[in-house]
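One structure is given here, and the rest of the page talks about it.
The values are calculated or read from the model by the stated rules, or taken from the named source; none is laboratory data. Remember, it's a predicted structure, so these values are computed and weren't measured experimentally. Every residue, glycine as well, gets a Cβ built from its backbone with ideal geometry; the counts of neighbours run over all protein chains shown.
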Amino acid sequence: MSRIGKKPVELPSGVSANVSGQTVEVKGPKGTRSFTATDDVTITVEDNVVQIDPRGKSKRALQQWGMSRTMVQNLVTGVTDGFKKELEITGVGYRAQMQGNTLKLNLGYSHDVDFVAPDGVTITAPKQTQIVVEGIDQQQVGEVAANIRKWRAPEPYKGKGIRYKDEYIFRKEGKKK
């Protein structure tokens, strides 16, 4: 039995959900998102509660049960609060700044790195050493943050690079004489 799947997804005020076939569409103050579930689960909406139930006792149906519930919960969270990833830049001369829809990164290369924000994602740089990625799609926000981090991942000796806010970098000791 899925412990996650058993819990119903409650819809806060200002959020509505519609089910047509296997597709759930959630509308909220920040926008509209939809998710299409597999045929292994049944989705119902009643009294501001979305309930997901498996069709049968097969292993795949039980797997899809918990995953589908989590996906619907992420839709509700996205249209109410949104998702946010914070990145920090560490290193001498490393900095970031926004110019319109483009994030300009100085990361020690011979050229500046220009990263264009995709639709549905908002990138801000409140400080020169801080980047905030926000949006209503958790997968897209995480992917954009990972693509920014990929330009200069933190290295283990001095810790220079772009890292997530609460990420721990395992530090290595340098060479001995």
Qualifying position, being in contact (Cβ under 8 Å) with a residue 60 or more places away in the chain, over 25 Å from I148 (Cα atoms) and surrounded by 18 or more Cβ atoms within 10 Å (Cβ to Cβ), among L87, L11
L11
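Rundown of residues vs (1) in the same structural domain as W151 (by TED's automatic domain parsing); (2) of a type in the set (A, V, I, L, M, F, W, C), yes/no style:
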{"position": "E46", "(1), (2)": "no, no"}
{"position": "I52", "(1), (2)": "no, yes"}
{"position": "L62", "(1), (2)": "no, yes"}
{"position": "V72", "(1), (2)": "no, yes"}
{"position": "G91", "(1), (2)": "yes, no"}
{"position": "K104", "(1), (2)": "yes, no"}
{"position": "D112", "(1), (2)": "yes, no"}
{"position": "D119", "(1), (2)": "yes, no"}
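Got at least one residue in the stretch 62-77 being part of a loop (DSSP other than H, G, I, E, B) and surrounded by fewer than 19 Cβ atoms within 10 Å (Cβ to Cβ)?
no
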Can you work out which of the residues in the stretch 154-177 that are hydrophobic (A, V, I, L, M, F, W, C) and modelled with pLDDT under 95 is surrounded by the most Cβ atoms within 10 Å (Cβ to Cβ)?
I169
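Count, please, the residues in the stretch 35-45 that happen to be of a type outside the set (A, V, I, L, M, F, W, C), under 16 Å from M67 (Cβ atoms) and either part of a strand (DSSP E or B) or modelled with pLDDT of 95 or more (or both).
Summing the residues that are of a type outside the set (A, V, I, L, M, F, W, C), under 16 Å from M67 (Cβ atoms) and either part of a strand (DSSP E or B) or modelled with pLDDT of 95 or more (or both) in the stretch 35-45 gives 2.
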